[in-house]
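Visitor: The structure that follows is given in the form of structure tokens.
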Amino acid sequence: MSAKAKVETTAGNKPETASIVLTFDNNDHARALFGQFEQNLTLIENRLGLDVRSRGNRVSISGDPTAAEQARRALDFLYEQLQKGGKDPEAADVQGAMRMAIAADDQLQLPTMDGKTKIAAAQIATRKKTILARTPNQDRYMRAMERCELVFGVGPAGTGKTYLAVAHAAMLLERGHVERIVLSRPAVEAGERLGFLPGDMKEKVDPYLRPLYDALYDMIPGEQVERAIGAGVIEIAPLAFMRGRTLANAAVILDEAQNTTSMQMKMFLTRLGENGRMIVTGDPSQVDLPHGEKSGLIEALNVLEDVEGITKVRFKDADVVRHPLVAKIVTAYDEAHGAYEQAPRGNYPRRREKDGK
């Protein structure tokens, strides 16, 4: 049951303001919603420029009518999640709810809004964890993975591309929609070469695949992950090991796809077998291939632009859900690189190539 709301709008010599009073019928949920020392309400207040105050199980919201309605939607959504047995909302959850509420007033064509009054974010649920979309593009991505057999998720670091893909694959496996999960990455990182790393092949490639392990353990209990890997139900391998295979009845993920060559990308995409699902993630701005080598991801996005049955979701700086500074860092680098490309020759120092020349 949603919170009960009383809405008053006032006008006069001052700009139009709205006053909304929300009453939550479960005191425990209300305390969890407000956060320790009302930190969640403070976050909404500062982000939307409102006056937000609580008393008991009631919250009063005053300020710009549009912003006040966005705050109401966000609080109503978070309260409903608590009623459904969800975890206590943290700062990232509150920020995500606000992004989704604001999106409705940006006139985005989202399946996440019910008449612009209620948020209905896409979700991925396993026995261990439930994940809700925190940005409009995350919502598109999660819904695309539900509908389509081949999905590209591209954009900057911290937008949840890999994490959500692994979570979706775990959900498909748990529900019996696929028989196995195959996770892969090209073994190329920042110009390093496997031959210079210690250990056998598994020890050489494991560091590159660690982010995939981390996401798996977050969605599936650790002992189940170990058993599934031992039984071959979950396979984590470098891209080179995919050649010559047909991946049927499997959820297949290629991460860091910007570091594939053109031939590697074509090889990977043609592994898709019957009842298979494939998700390709990467950041075209972070290519670590040797200078002059074309990125297979960038090429695929262009070549497959009009192919029916393939969905491409492009994340932006605003979709970064890590520490707030990450979004600012990504934006600063993008602006700096844009300025570099547009500047007359001589205004910037010549960039060093990967071989140091």
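Every read-out reported here was derived from the displayed coordinates using simple, explicitly stated rules and does not represent laboratory data. The shown structure was predicted, so the numbers you read here are calculated from the model rather than taken from an experiment. Cβ coordinates were reconstructed from backbone atoms using ideal geometry, including for glycine residues, and neighbour counts include every protein chain displayed.
Visitor: So which of 87/161; 129/294; 128/266; 128/294 end up more than 28 Å apart by C-alpha?
Guide: 129/294; 128/266; 128/294
Visitor: Right, here's the next one. Which order do the peptides 39-48, 226-235, 157-166, 251-260 come out in when sorted by mean C-beta neighbours inside 10 angstrom, highest first? Mind showing how you got there, number by number?
Guide: Numbers: 39-48: 18.1, 226-235: 14.3, 157-166: 24.1, 251-260: 26.6.
Highest to lowest by the protection proxy: 251-260, 157-166, 39-48, 226-235.
Visitor: Continuing with the same structure: Quick one: if you stick a label point 7 Å off each Cα along the C-beta vector at residue 308 and residue 332, how many nm between them?
Guide: 4.8 nm
Visitor: Still on this structure, I have one more. Considering only the other residues whose Cβ falls under 14 Å of the Cβ of residue 228, what net charge follows from Lys and Arg at +1 and Asp and Glu at -1?
Guide: -1
Visitor: Count the net charge of all other residues whose Cβ sits under 15 Å from the Cβ of residue 36, scoring Lys and Arg as +1 and Asp and Glu as -1.
Guide: -3
Visitor: At 7 Å along Cα-to-Cβ for each site, give me the label-to-label distance between residue 130 and residue 175 in nm.
Guide: Computed distance between label sites residue 130 and residue 175 equals 1.4 nm.
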